[in-house]
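The values are calculated or read from the model by the stated rules, or taken from the named source; none is laboratory data. Just so it is clear, the structure is predicted and the values come from calculations on it, not from any experiment. Please note: Cβ atoms are built from the backbone with ideal geometry, for glycine as well, and neighbour counts cover all protein chains shown.
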Amino acid sequence: MKSYLPVRVESHRFATRDIIGGDAALDFVNTVTGRDQSPRDWIDTYNRLLEWAVFVHLLPESILRALAKKAQAEPRAAALALARAKVLREALFELVTRIISRSAPPKRALALLHRYWISGIRAHELRFDDGRVFVNLRNDALDFDLIASLIAYRMVEQVLSLPTERLHICQGSNCSWVFIDSSKAGRRRWCDMAVCGNAAKSRRFQQRLRQRRSGRR
Ligand SMILES: [Zn+2]
């Protein structure tokens with residue numbers, strides 16, 4: 001993967017069209033878009049990370065508000081946590097794309113995921129209520145790294161437990177979004193047909209048109 005491409009950090013307002021991964025862990029990976037051509041990072045601040053987390057319902061708003069307050073009081077610690085979350089994000093992209101290409105992920109990516117996954121587990125508690133056991137996020141798990149930990153937890157519990165052929169990368173250009181293909185046939189090629197699918201179709205159409213024109217000459 002062309003990880004040497006310079007990444008432009010942008011402020012971005014998240015919308016429903018940005019959430020196509022099938023799980024928040026993959027949607028987090030997709031907060032860098034266009035990794036294959038001109039990568040843009042949509043998480044410019046820790047507050048943006050919190051905004052995104054609320055948007056994908058990763059954690060309750062009460063915890064978000066508490067984290068936002070904490071970030072205001074400790075901006076440097078929040079910025080460092082954001083930098084750490086981005087390191088995890090790149091490790092997850094590498095992990096997922098290696099799985100898609102049926103090759104072994106780097107050991108350091110697995111080690112990092114393992115570390116955050118464990119803290120994700122620690123952020124939960126088991127509670128017995130109404131005849132059954134619930135897995136709940138602890139109320140006192142207030143930590144700047146909580147978002148990264150929950151993403152790792154989701155990645156292990158929800159994404160890596162799926163059959164590997166269900167993990168796909170968009171074949172559109174300047175996209176590289178990853179997603180869970182839950183279609184019946186399992187042949188989904190695009191993050192969104194209306195975006196990358198149509199762009200590819202019109203590119204192919206233009207190509208054919210050019211070929212036909214040059215054939216006439
Ligand atoms: Zn795409």
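Given the criteria on the phi > 0 side of the Ramachandran plot and modelled with pLDDT of 95 or more, does SER176 qualify? Here the answer is yes, as SER176 does meet what is asked. If you go through segment 42-85 and keep only what is of a type in the set (D, E, K, R) and buried (at least 18 other Cβ atoms within 10 Å of the Cβ), you end up with just ARG48. Per this entry, GLN72 is counted among residues that are part of a helix (DSSP H, G or I) and either within 16 Å of the ligand (Cβ to nearest atom) or polar (S, T, N, Q) (or both).
Taking the criterion of being in contact (Cβ under 8 Å) with a residue 60 or more places away in the chain, near the ligand (Cβ under 8 Å from one of its atoms) and assigned to a loop (DSSP other than H, G, I, E, B), the residues of segment 171-200 that qualify are CYS175, SER176, TRP177, CYS191, ASP192. Criterion applied to ARG213, ARG154, ARG208 was being more than 16 Å from the ligand (Cβ to nearest atom) and surrounded by 15 or more Cβ atoms within 10 Å (Cβ to Cβ), and the one residue passing it is ARG154. Residues that are away from the ligand (no atom under 13 Å from the Cβ) and surrounded by 13 or more Cβ atoms within 10 Å (Cβ to Cβ) were ranked within segment 157-170; the one that is nearest to SER119 (Cα to Cα) is GLU157. What do you reckon, is ARG108 over 28 Å from GLU61 (Cα atoms), more than 16 Å from the ligand (Cβ to nearest atom), at pLDDT below 95 and over 18 Å from the mean Cα position of the chain (by Cα)? Here the answer is no, as ARG108 does not meet what is asked. Scanning segment 44-57 for any residue that is within 17 Å of TYR153 (Cα to Cα), assigned to a loop (DSSP other than H, G, I, E, B) and in contact with a helix residue (DSSP H, G or I) (Cβ under 6 Å, 6 or more places away or on another chain) turns up at least one such residue. The residue that is surrounded by the most Cβ atoms within 10 Å (Cβ to Cβ), among those in segment 171-196 that are among the small types (Gly, Ala, Ser) and farther than 19 Å from ALA15 by Cα, is GLY172.
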